[in-house]
1. Can you pull out the chymotrypsin sites (Phe, Trp or Tyr not before Pro) in the stretch B:107-136 whose DSSP state is coil and whose Cβ has at most 13 other Cβ atoms within 10 Å?
2. How much length would be gained if the chain were fully extended between A:ALA17 and A:GLU35, taking 0.36 nm per residue of separation minus their Cα-Cα distance, in nm to one decimal?
3. Using only Cα atoms and rounding to the nearest 10 degrees, what angle (0 to 90) does helix A:2-14 make with the longest principal axis of chain A?
4. Report the gain in length on full extension from B:PHE79 to B:GLN156: 0.36 nm times residue separation, minus Cα-Cα distance, nm rounded to one decimal.
5. For the stretch B:102-180, which trypsin sites (Lys or Arg not before Pro) are in a loop by DSSP, counting at most 13 other Cβ atoms within 10 Å?
6. For the stretch B:62-123, rounded, prolate or oblate, judged on the Cα gyration tensor with a ≥ b ≥ c (square roots of eigenvalues), a/c < 1.5 rounded, else prolate if a/b > b/c?
7. Which whole-number percent gives the relative contact order of the stretch A:2-69, counting Cα pairs below 8 Å spaced six or more residues apart?
8. Could you work out the local net charge near B:ALA155, counting Lys and Arg as +1, Asp and Glu as -1, over the other residues with Cβ closer than 14 Å to its Cβ?
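Just so it is clear, none of the values below were taken in a lab; they were calculated from the coordinates. Note that the coordinates shown come from a computational prediction; the quantities given were computed from them, not determined experimentally. Cβ placement follows ideal geometry from the backbone for every residue including glycine, while neighbour counts extend to all protein chains displayed.
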Amino acid sequence: MLAMVILFAATSRWLWAVPLIVSISFVYAATRHEESWAILEHAIRFGAWITGFMLLLFMVFYVATEWWAG
Amino acid sequence: MVVSPIGDDNRPTGQDGEGGTNMASEQLETLSPPPYHVHLRDPWLAALWAWLWPGAGHLYQGRYVKGGIFMTCILLTYFFGLAIGGGHVVYASFRQPDLRLHYLLQVGVGLPALPALVQTYRQRTERGPLFGWKAMYPPDVRGEQIYDELAEWNAQYGFYFELGTLYTMVAGLLNVLAIYDAHSGPVWTMTSRDRRPPDPG
């Protein structure tokens, strides 16, 4: 139950990460390429990588919270 | 100044020194980036422009797409962060008890963060906020816990004060990447197109 409360509270805050992920992905990709298609491709891959990494961390913390809350 | 990411002159040679083995040559052919050239004009001037206004250095170099990307992403991130923090998340205070080291990252965004220095100067000379507008004006924390304006902002904006600080710091850091790119050109990495094996024909 505690984990669900934390999950609900956390979900809305996670949405604030979306603009940052988009911005970081595009700027990082743009410093690696000159062509638009390459920038776009790299940005999508990098954005997916960041999102995946964050989800992985989220799962780790979620499982840890479940375990901690018993 | 013209930059080619990996030109013929920079290609590493194989173990046998002169030209390398056939296998190494084939691998190099596969890995070679598309031959594009970037005209950086005056790199230091471009870097200065890039710092002053995100994307301006690239526009100066005629790299309009990248200039547009940097300008849009970095400035939107910065001003969005500034807005959700009520204009208070960017300020320059380097005196105890309020040592605002965040500003060292935020100032990476250039001109949009510089009014904070003017506001700090005006506070120290007791002239009051510029145009009476308290954005970027350092908080009043001089009293000995009698009145702490920073604590008041934190209470008022809560989560958004931290979030705004984060957004503006990230914007400043991203512009450091853009400044480097304006000065030295792109750091080349492989794309899916580069990874494809060459046509047998």
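1. Details: sites: B:TYR121, B:PHE131, B:TRP133; in loops: B:TRP133.
For chymotrypsin sites (Phe, Trp or Tyr not before Pro) across the stretch B:107-136 that sit outside H, G, I, E and B with at most 13 neighbouring Cβ atoms in 10 Å, the list reads B:TRP133.
2. Details: separation 18, 0.36 × 18 = 6.48 nm, distance 2.67 nm.
Fully extending the segment from A:ALA17 to A:GLU35 adds 3.8 nm.
3. 20 degrees
4. Working: separation 77, 0.36 × 77 = 27.72 nm, distance 1.92 nm.
Answer, rounded to one decimal: 25.8 nm.
5. Values: sites: B:ARG122, B:ARG124, B:ARG127, B:LYS134, B:ARG142; in loops: B:ARG127, B:LYS134, B:ARG142.
In loop regions of the stretch B:102-180 (DSSP not H, G, I, E or B), the sparsely surrounded trypsin sites (Lys or Arg not before Pro) are B:ARG127.
6. Numbers: a/c = 2.67, a/b = 2.15, b/c = 1.24.
It is prolate, given that a/c is not under 1.5 and a/b is the larger ratio.
7. Details: 29 pairs, mean separation 26.2, N = 68.
After rounding, I find 38 percent.
8. Numbers: positive: none; negative: B:ASP148, B:GLU149, B:GLU152, B:GLU162.
Result for the local shell: -4.
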